[in-house]
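Notes to accompany the following structure.
The values are calculated or read from the model by the stated rules, or taken from the named source; none is laboratory data. Model, not experiment: these values are computed from the prediction. FYI the Cβ positions are ideal-geometry reconstructions off the backbone, even for glycines, and counts take in every protein chain you see. Just the protein is used for accessible areas: all its heavy atoms, side chains included, with ligands, DNA and RNA removed. Shrake-Rupley method; radii C 1.70, N 1.55, O 1.52, S 1.80 Å.
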Amino acid sequence: DRDDLEAFFDTFVLEGLESYMLPGVAIAVVAGNAPAFAKGYGYANVEQGIPVDPETTLFDVGSVAKLFTFTAVMQLVEDGRLDLHADVNDYLTQFRVPATFPEPVTVARLLTHTGGFDEWDIGAAVRTPEEVLPVCTYLARRLPPRIRPPGELIAYSNHGSALAGCLVEEVSGMSFAAYVDSHIFAPLDMRRSTFLWPPELLDDMAIGYRSANGALQPMEIYYRHFGPAGELKTTAVDISRFMLAHLQEGAAAGGRILEPETARAMHSRQFTHHPLLTGFTYGFFEVEFNGHRALVHGGDTNPIFASLLVLFPEENVGLFIAHNTAEYAFREALVQAFMDRYFPREDDLPAPQPLADHRERAGRFTGLYAPTFMMRETSLEKLLTLFVQFRVTAHAEGLLTLHEPAQLPGDTPADWVEVEPLIFQSLDGGDMMIFFEDGAGRITHMATSRHPAAAFLPRTSADEPLLHLALLLASILLFLSAGVAWLLRRRRGSLAWHQHLLPVIALLNLLFIFSFAAMFQALAFDAIFGLPLWTHGLLALPVLSMAMTALAIVVTGWSWKNGVGSLGARLHNTLILLAAVAFIWQVLYWNLTVFHL
């Protein structure tokens, strides 16, 4: 009922505008075979007082774009021009996906995010639309390496999705934007949707904001080279037509974009880590809300836009949310409130029944885990892994606690109990967490229904943030002491050449540490546009330091063998050398000399 929907959203969203500091929000609901509700709240442009209009205000919906890309792929599969299980290299003409593993990357693997690619963000965007490269051209230059066999683990991939868009171009002979315009937007009468940047539409584009020091700061929009993975601008009303088409097996607004059989295949589970977990269809995440199966895809344009599209196929209902600041918690809270009001859980979940020996077994699952989509193994973005690790701890009573890096203040980490070997259930009974082991009994990975877009790989003590912090602080102190010792020796007389070596190494390392920290702070957002040339020189400093450290190892060994200098001086020099070696290990471990991006 539209009046009831309006009363619900008016209450929740108007409160959310204030409590979440949202400039504006657009909402759309479809039910049955028709739009049920659409409304805008707040402002598309705060400074000019332009309100959000669900029919005319365009939002950058980020990765919701992938649903259009994968729908286009399924159209071409339907036409017999793409084979879901064929090697993508069968269709590519501008470049080849390397044969890193025996198994090829297939079209289906791209649609389920199981292609096995690494992911890069640095250099993936530009500031003006004129600088955007055609998607196939971009991937020919910057397709990340394959880091695991395809079909093994889910690892959400922008570049894999962009590769799907490249296939659309290769097979159709049209630009991706033109294909989607003629084969999806036009049949569904989506006249205010675009993968391009026509001025007549972008004049109605919402301004993106981020919250800074309690105030909203307008942000410039940016443009991504991997457009099929995240360059859709659209309105809430237009998205309604797309949701209706998917809920009605491919047809809406008088047009058809998929045949019923193809739509059903696109909505069916195609990959999961375990039958007890949700997984991926051809494009959608599977999620459960109050026991109801949902097909979901979010869109994040950090830090300025966030959106969420949710379909409930059995209930024939769709919900779309977009807002022009990236306050992600709001959209999840809104969906849960919507479900609690209109589709509450019908039965109380039974309490999980633990294994008899679950207390004795709990310790083997503890430790750090990192999500596959944030592993970033082949670039300096690997350093981000330090900030997105999940920690599993065990209680004395045998419960596991999952500590998530993005938990909000006041959130309680989830507790889990083992109900079958390797299978854990949350204490409220609503979620599953499953561990996987190899033939030797070692944990290889973990997956949970709370995070369907990733598997979680166990990390070693080498990934412990406190270890790296301790090593870094100790190294800084020892490098500073090298400078102090050098100054004191200089005051007592002239120094031999080898007595300058460790102080120079210490100076180079200190210069890199503090310059890199400044770069990290300054380019926290702008790195998406690529690293400036001066950063390449910065990343070369550790290479010079490594060469000099190798020489210092020889010199230090010589000084001990020949008793050169006092015992205290030799011990001090050895500690500085150990700090330099530890620093080199950290630099190499986090790929901090990799400046190909």
- Message: Checking the condition under 20 Å from the mean Cα position of the chain (by Cα) and not in a helix (DSSP H, G or I), which residue from Gly115, Gly165 passes?
- Response: Gly115
- Query: Which members of region 23-37 meet the condition of being in a loop (DSSP other than H, G, I, E, B) and modelled with pLDDT of 95 or more?
  - Reply: Pro23
- Query: Counting only residues that are more than 31 Å from the chain's Cα centre (by Cα), within 21 Å of Phe424 (Cβ to Cβ) and not hydrophobic (A, V, I, L, M, F, W, C), which one in region 334-353 is most open to solvent (accessible area, probe 1.4 Å)?
  - Reply: Asp348
- What pairs come up if the first residue lies in region 456-479 and is touching a residue at least 24 places away in the same chain (Cβ under 8 Å) and closer than 30 Å to Met433 by Cα, the second is in a helix (DSSP H, G or I) and among the aromatic types (Phe, Trp, Tyr), and their beta carbons are under 8 Å apart, counting only those six or more places apart or on different chains? Ala462/Tyr589
- Working carefully through the options Thr106, Thr128, find the one that is out of contact with any Gly (no Cβ under 7 Å at 6 or more places or on another chain), open to solvent by 40 Å² or more (accessible area, probe 1.4 Å) and among the β-branched types (Val, Ile, Thr). Thr128
- Query: Which condition does Gly151 not pass, out of (1) out of contact with any Ser or Thr (no Cβ under 9 Å at 6 or more places or on another chain); (2) over 21 Å from Ala527 (Cα atoms); (3) small (Gly, Ala, Ser), if it passes all the others?
  - Reply: (1)
- Query: Among the residues of region 331-338, is any in contact with a helix residue (DSSP H, G or I) (Cβ under 7 Å, 6 or more places away or on another chain), aromatic (Phe, Trp, Tyr), modelled with pLDDT of 95 or more and at negative phi?
  - Reply: no
- State all residues of region 459-473 that are more than 17 Å from Lys382 (Cβ to Cβ) and open to solvent by 70 Å² or more (accessible area, probe 1.4 Å); if no residue qualifies, say none. Leu466, Leu473
- Can you find a residue in region 165-173 that is touching a strand residue (DSSP E or B) at 6+ places or on another chain (Cβ under 9 Å) and either modelled with pLDDT of 95 or more or of a type outside the set (Asp, Glu) (or both)? no
- Which of the residues that make up region 206-223 are modelled with pLDDT under 95 and either within 27 Å of Tyr179 (Cα to Cα) or part of a helix (DSSP H, G or I) (or both)? Ile221, Tyr222, Tyr223
- Complete set of residues in region 38-62 that are out of contact with any helix residue (DSSP H, G or I) (no Cβ under 7 Å at 6 or more places or on another chain), assigned to a strand (DSSP E or B), hydrophobic (A, V, I, L, M, F, W, C) and closer than 14 Å to Phe320 by Cβ: Phe59
- Among the candidates Tyr209, Tyr222, which residue alone is touching a helix residue (DSSP H, G or I) at 6+ places or on another chain (Cβ under 9 Å), of a type in the set (Ser, Thr, Tyr) and crowded, with 17+ Cβ neighbours inside 10 Å? Tyr222
- When you go through (1) surrounded by 15 or more Cβ atoms within 10 Å (Cβ to Cβ); (2) farther than 24 Å from Thr11 by Cα; (3) free of Cβ contacts under 8 Å to residues at least 40 places away in the same chain one by one for Phe312, which number turns out not to apply? (2)
- Query: Is it the case that Ala178 is in contact (Cβ under 8 Å) with a residue 12 or more places away in the chain and either open to solvent by less than 20 Å² (accessible area, probe 1.4 Å) or not charged (D, E, K, R) (or both)?
  - Reply: no
- Query: Can you find a residue in region 164-171 that is open to solvent by less than 50 Å² (accessible area, probe 1.4 Å), in contact with a Phe, Trp or Tyr (Cβ under 8 Å, 6 or more places away or on another chain), charged (D, E, K, R) and more than 24 Å from Val296 (Cβ to Cβ)?
  - Reply: yes
- Query: For region 362-372, does any single residue satisfy the condition of being over 30 Å from Ala36 (Cα atoms), at pLDDT below 85 and either within 29 Å of the chain's Cα centre (by Cα) or surrounded by fewer than 15 Cβ atoms within 10 Å (Cβ to Cβ) (or both)?
  - Reply: no
- Task: Any chance you could count how many residues in region 485-507 are of a type in the set (S, T, N, Q) and under 51 Å from the mean Cα position of the chain (by Cα)?
- Result: 1
- Conditions (1) in a loop (DSSP other than H, G, I, E, B); (2) in contact (Cβ under 8 Å) with a residue 40 or more places away in the chain: number failed by Leu539: (1)
- Query: Taking Leu383, is it part of a helix (DSSP H, G or I) and surrounded by fewer than 17 Cβ atoms within 10 Å (Cβ to Cβ)?
  - Reply: no
- Query: Do we have Gln94 as in a loop (DSSP other than H, G, I, E, B), surrounded by fewer than 23 Cβ atoms within 10 Å (Cβ to Cβ), in contact with a Cys (Cβ under 8 Å, 6 or more places away or on another chain) and of a type in the set (S, T, N, Q) here?
  - Reply: yes
- Item | Test result for Thr100, in a loop (DSSP other than H, G, I, E, B), more than 17 Å from Ile528 (Cβ to Cβ), open to solvent by less than 10 Å² (accessible area, probe 1.4 Å) and not small (Gly, Ala, Ser) | no
- Subset of region 264-309 that is closer than 23 Å to Gln425 by Cα, of a type in the set (A, V, I, L, M) and over 16 Å from the mean Cα position of the chain (by Cα) - its residue that is most open to solvent (accessible area, probe 1.4 Å): Leu276
- Residues in region 474-497 that are open to solvent by 40 Å² or more (accessible area, probe 1.4 Å) and in a helix (DSSP H, G or I) total 13
- Message: For region 411-453, give me every one of the strands (runs of 3 or more DSSP E) that falls completely inside it and has 3 or more residues that are within 21 Å of Gly291 (Cα to Cα) and open to solvent by less than 50 Å² (accessible area, probe 1.4 Å).
- Response: 414-420, 423-426, 432-437
- Residue pairs within 8 Å by beta carbon, gap of at least six or interchain, first lying in region 228-249 and without any contact (Cβ under 8 Å) to a residue 24 or more places away in the chain and closer than 19 Å to Val73 by Cβ, second of a type in the set (D, E, K, R) and part of a helix (DSSP H, G or I), listed first then second, are Glu249/Arg264
- Note on the structure: Expected output for region 6-35 (first residue under 16 Å from Ser307 (Cα atoms) and touching a residue at least 40 places away in the same chain (Cβ under 8 Å), partner open to solvent by 40 Å² or more (accessible area, probe 1.4 Å) and β-branched (Val, Ile, Thr), Cβ below 7 Å, 6+ apart or cross-chain) is Pro23/Val46
